[in-house]
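A.B. asks: So that we are looking at the same thing, I have put the structure below in structure tokens.
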Amino acid sequence: MTKNVLFEIGLEELPARFIDQAEQQLKEKTIKWLNESRISFTKVESFSTPRRLAVLIHNIAEKQATVEEEAKGPAIKIAQDNEGNWTKAAEGFTRGQGKTVDDIYTKEVKGTTYIYVNKVIEGKPTESILPEFKQIIESIQFGKNMRWGTKTMRYARPIRWLIALYNEEVIPFELAGVQTSNSTYGHRFLGREVVLTNPLQYKEQLEKNYVIVDSKLRESMIEEGIKKLEKERNFIVPIDRDLLDEVRNLVEYPTVFVGTFEESFLELPDEVLITSMKEHQRYFPVKSESGMLLPYFVAVRNGDANALETVVRGNEKVLRARLSDGEFFYEEDQKNSIAFYLEKLNNVVFQVKLGTIGEKVNRVVTLSEQLAEALKVDTEIKEQAIRAAQISKFDLVTNMVNEFTELQGIMGERYARIFGEDETVAVAIREHYLPTSASGDLPKTLVGAIVSVADKLDTIVGCIGVGLKPTGSQDPYGLRRQATGILRIANEKEWEIPVAQLFNMTIELYQSQALEHFDSDIVKQELHTFIQQRVAFLLREQGIEQDIIQAITSRSIGKMSDMMKKASILSTKRNDASFKPIQEALVRVLNLAEKTEKNEINPDYFETETEKELFSSYLTVSSVYQEFVNQNNLEEAFAELEKLANPIHSFFENNMVMTDNENLRTNRLALLKQIAILINSFANLNAIEWKQHN
Amino acid sequence: MNIQNMILTLQKFWSEQNCILVQAYDVEKGAGTMSPMTLLRSLGPEPWRVAYVEPSRRPADGRYGENPNRLYQHHQFQVIIKPSPDNIQELYLESLQALGINPLEHDIRFVEDNWENPTLGAAGLGWEVWLDGMEITQFTYFQQIGGLEANPVTVELTYGIERLASYIQDKENVFDLEWTEGFTVKDIFKQPEYEHSKYTFEESNVDMLFELFSMYEEEARKTMEKGLIFPAYDYVLKCSHTFNLLDARGVISVTERTGYIGRIRNLARNIAKAYVEERERLGYPMLKEEK
């Protein structure tokens, strides 16, 4: 007869966000443990609800597999005396392995002969191994653990019962004062205690007691319930994946229902309605076919349809109270002016050493203006950027954002429109928080991009300036994310400002304000390293290899879009066989140029045709190169540099650089130096590990 | 069921669970947790079971008696059991049934909620209990109190009386709730709600409050130095309420805010430590009685 095993951990309600991961861990650890214990099985199924984590092991072997293992003993020199008799050491070794000296054989390992015996490890009955499952339960990792009662154990929530069943037999062990048994519990209110006599009855027995132990099945029940309502009511329920994952892990037996709210609440901003429903109540908002919010919500009850109308009414009441609050805030907030809120910002601290948000806003205004000027945008854009910066944070002190913090920027945009601000300015208030994640949306408008970058520059330089540099996994102010945001914006908008200049501009602003703790040399160095790392991070994300990143960022941190393009050009060239002679020529120049600091060329000192030719090629190439760079055409610019390869080769073939004639030598080196400066303005090709094959 | 009967029912229920019924503590406080019956007694190894109604003052929530959901002063029913019993969730659900809530006709859920009170150096893990989507109880296993590890662990149940009543009585407005036959919340509390709001937001003597804060703080420190823990703790509560009044008046900037909270937290931590030491010196009297 085949045997099956069931383990179930009964818990007080687990946080929904821990459940999927815990189930996954339980399954993986069980399989690993069975394999390592040499116990065969056909399948491991796993289950989870808010109140339980379980695994069902199918067709488990009744014994561990028996294996033969080679046991290595001492070297033969020690195992035998001069007469070839076995020594005490050899006897001790064999005894220890449950063998005698008659079982010994020898093998040579790295020139030394050792004695061995073959040891048979007899498989133990599975039954005797199964109590080890206790350690698997203990090893599950949760995001946050707690203690309870007088127990020393730490777990996500208290353990209340344990099932450990080997066919009909209970596998005995105890954990945190709970003894294993064959009883589990159904739904808190609809089910009862369930005694299992066979692990395979687990799913059915619990389903009879209103517990759906398969979380994917609960999910499809919810989806079907939603589809049915969509059909009946002729509306659309957009499924938010994260919400669905959470909701299915908040219930053991899902019943989907629909509730309504007063149509007048639809006048509230959509974001307020959606946040109230989704974040606060875990409801699915409902839309019409044209995508407009409708005065309905869809929710999931933990239970059956009995007295569902009471549940619906209760939920409607809660939502109504929340939306009434929202409505109250919305109306109250509109009674004041933007100036009123800006004044309040002077009382809100941004960071103790960096002053209030009001002060931060002033810096962001200055930076936005400088940035607008550096980007040579027209006056209208510049003025919009200044205004957007001035009012970028006013919504932080409104009632609505105070209550719904996730609506920062979004309410700012709304209210700005209501208060009669320019449309571009309103949009920029929302956009200046973008991107909110490593790959999140970027500001679409130029004004939004300017204020976004100014705000982030201020935060990064300010925080690093007062010693709040991110370390390891600690980045409480999100400086890395914000730096990546700046670089992504600068790249996408192809801004004509070197990245280093953005940061220098900000450092100067802080210096002019003579803020305490601001030691600019150290700050400059730390910032430089920090930005270099962020640029490298972003390039790595694009699949660029380390040496090319080094070649592009080691000398100076230029325009972000240029760095991206250069990285892509060089990544191709480094593998391109036809580029090999060109690379050799250019790198040779770079190496020789390091021998001098002088770069004044005197054409009168040129002697040979080939050096004159190289000089004139250099003059042509450098001016055309510059033109292409100005047009942002880096491919063509680099193609110009390639044109120097032939003259360089002839130069080296026909001229002796390190000649005794000082004038001649200095002049030739100066020529090479000039060419090297030109090459380096593209990238430090010396840092690249060339991989071309002929 | 009116509020008076709800309170009587809960008192009877938890009294039958061997909880000591005490009365509300007579110093202003923002939450039932701050009563010394919870905050101090949940420290140390001595077992403890208590239940009480706590009128809780939240000056910033005052709305002149005009908001249907928010109050300057609301009521909490507080249950504290140390060590937390294994069947505490079942007991809690039975108490809801005693209030006439039939779980088969509702949707009752335990939704993760981790509680933290930085002012008291306290933190716990647990849930907010949802009744048809409404949060009716805060259910917390204390992990840390006054900066000290809670061991054994105390469980705290905080029923929001008005919330629960608004559901049981099916009323939209808190002032329409029946307290006892013939009297509503409005009759009893509307005038004080209005006057306290007016006082808090418009009339309070700010200079005096600042001075009181310093005086209370000083007195708490001095009293504690003399080993008088309970009186010292009363002054910490007074500091906390005075701070809440100043904060609601909007005269404490965010920087200062952190500073004030830090000052109260330091006092609370020192008192927690002193309480534990004092109980140890006394030989944990309640631990002995248990044997």
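Coordinate-derived values only; no laboratory data. Note that the structure is a prediction, hence the values are computed from the model and not measured. Reconstructed Cβ throughout: ideal geometry from the backbone, glycine too, with neighbour counts over all protein chains shown.
A.B. asks: Just to confirm my numbers, what's the Cα centroid distance between the stretch A:536-554 and the stretch A:599-617 in Å?
C.D. replies: Comparing the Cα centres of the stretch A:536-554 and the stretch A:599-617, I get a distance of 36 Å.
A.B. asks: Still on this structure, I have one more. Using only C-alpha atoms and all pairs of different ones, pull out the Kirkwood radius for the stretch A:331-396 in Å with one decimal.
C.D. replies: Result for the stretch A:331-396, one decimal place: 12.7 Å.
A.B. asks: Follow-up question, since we're still on this one. Would you compute, from DSSP H runs of 4+ residues alone, the mean residue ellipticity of chain A at 222 nm, taking -39500 (n - 2.57) per run and dividing by the full residue count, rounded to the nearest 500?
C.D. replies: -15500 deg cm²/dmol
A.B. asks: Report relative contact order for the stretch A:67-121 in percent, whole number only (criteria: Cα-Cα under 8 Å, sequence separation at least 6).
C.D. replies: Relative contact order of the stretch A:67-121: 48 percent.
A.B. asks: Express the C-alpha Rg of the stretch A:67-121 as a ratio against the empirical globular expectation 2.2 N^0.38 Å, rounded to two decimals.
C.D. replies: 1.06
A.B. asks: Moving on. Would you work out the charge dipole size for the stretch B:111-160 about its Cα centre, treating the Cβ of every Lys and Arg as +1 and the Cβ of every Asp and Glu as -1, and quote it to the nearest 20 debye?
C.D. replies: Charge dipole, the stretch B:111-160, about its Cα centre: 200 debye, nearest 20.
A.B. asks: Could you state the orientation-averaged shadow area of the convex hull built on the Cα atoms of the stretch A:261-399, in nm² to one decimal?
C.D. replies: That works out to 12.9 nm².
A.B. asks: Tell me, what is the percent relative contact order of chain A, built from C-alpha pairs under 8 Å that lie six or more residues apart?
C.D. replies: About 7 percent, as a whole number.
A.B. asks: Here is a further query. Which loop-located GluC sites (Glu not before Pro) does the stretch B:64-111 contain, where loop means any DSSP state but H, G, I, E or B and the Cβ has at most 14 other Cβ atoms within 10 Å?
C.D. replies: Those that pass, being in a loop and sparsely packed, are B:E66.
A.B. asks: Please report, largest first and rounded to whole Å, the three semi-axes of the ellipsoid equivalent to the protein assembly as shown, where each semi-axis is the square root of five times an eigenvalue of the C-alpha gyration tensor.
C.D. replies: 60, 48, 30
A.B. asks: What is the stretch A:340-541's relative contact order, in percent, from Cα pairs under 8 angstrom and six or more apart in sequence?
C.D. replies: 18 percent
A.B. asks: Let me ask something additional. My understanding is that a pair violates if its Cα-Cα distance is over 29 Å; which of A:K27/A:K63; B:K12/B:K82; A:K144/B:K82; A:K203/A:K228; A:K278/B:K12; A:K469/A:K691 do that in this structure?
C.D. replies: Flagged as over cut-off: A:K278/B:K12; A:K469/A:K691.
A.B. asks: What Kirkwood Rh does the stretch A:215-334 have if only Cα atoms enter the pairwise 1/r average? Answer in Å.
C.D. replies: Across the stretch A:215-334, the inverse of the average 1/r is 14.7 Å.
A.B. asks: Now, a different point. Reachable lysines from A:K444, Cα under 20 Å, same-chain residues fewer than 8 places away excluded?
C.D. replies: The qualifying lysines are A:K376, A:K382, A:K393, A:K456, A:K493, A:K559.
A.B. asks: Using the Cα centre of the stretch B:190-291 as origin and beta-carbon charges of +1 (Lys, Arg) and -1 (Asp, Glu), tell me which of B:P192, B:S240, B:L282 is placed farthest towards the positive end of the dipole.
C.D. replies: Value computed over the given set: B:L282.
A.B. asks: Find the Rg to Rh ratio for the stretch A:362-487, where Rh is the Kirkwood radius over alpha-carbon pairs and Rg uses the same atoms.
C.D. replies: Result: Rg/Rh = 0.97.
A.B. asks: For the stretch A:570-687, what size does the Cα cloud have along each of its three principal axes, sorted from largest down, in whole Å?
C.D. replies: If we take the Cα atoms of the stretch A:570-687, the spans are 41, 28, 25 Å.
A.B. asks: Please order A:S215, B:S15 by the number of other Cβ within 10 Å, starting at the fewest.
C.D. replies: B:S15, A:S215
A.B. asks: So how strong a dipole does the stretch B:69-180 carry about its Cα centre when Lys and Arg Cβ are +1 and Asp and Glu Cβ are -1, to the nearest 20 debye?
C.D. replies: Dipole about the Cα centre, nearest 20: 340 debye.
A.B. asks: Give me the dipole magnitude in Debye, nearest 20, for the stretch A:1-53 about the Cα centre, with unit charges on the beta carbon: positive for Lys and Arg, negative for Asp and Glu.
C.D. replies: With only Lys, Arg, Asp and Glu charged at Cβ, the dipole is about 240 debye.
A.B. asks: For a distance above 27 Å, tell me the whole-number percent of Cα pairs in the stretch B:132-282 that qualify.
C.D. replies: Everything past 27 Å amounts to 47 percent.
A.B. asks: Let me ask you something else. Report the per residue volume, in Å³, of the convex hull enclosing the C-alpha atoms of the stretch B:204-290.
C.D. replies: Enclosed volume per residue, from the Cα hull, is 98 Å³.
A.B. asks: For chain B, what does -39500 (n - 2.57) per DSSP helix run (n ≥ 4), summed and divided by total residues, give at 222 nm, in deg cm²/dmol to the nearest 500?
C.D. replies: -14000 deg cm²/dmol
A.B. asks: Same structure, new question: Would you list, by chain and number, the lysines whose Cα falls below 24 Å from the Cα of A:K612, excluding same-chain residues fewer than 8 positions away?
C.D. replies: Reachable lysines: A:K595, A:K598, A:K643, A:K673.
A.B. asks: Right, here's the next one. Can you give me the orientation-averaged projected area of the convex hull built on the Cα atoms of the stretch B:3-200, in nm²?
C.D. replies: Average projection, Cα convex hull of the stretch B:3-200: 10.9 nm².
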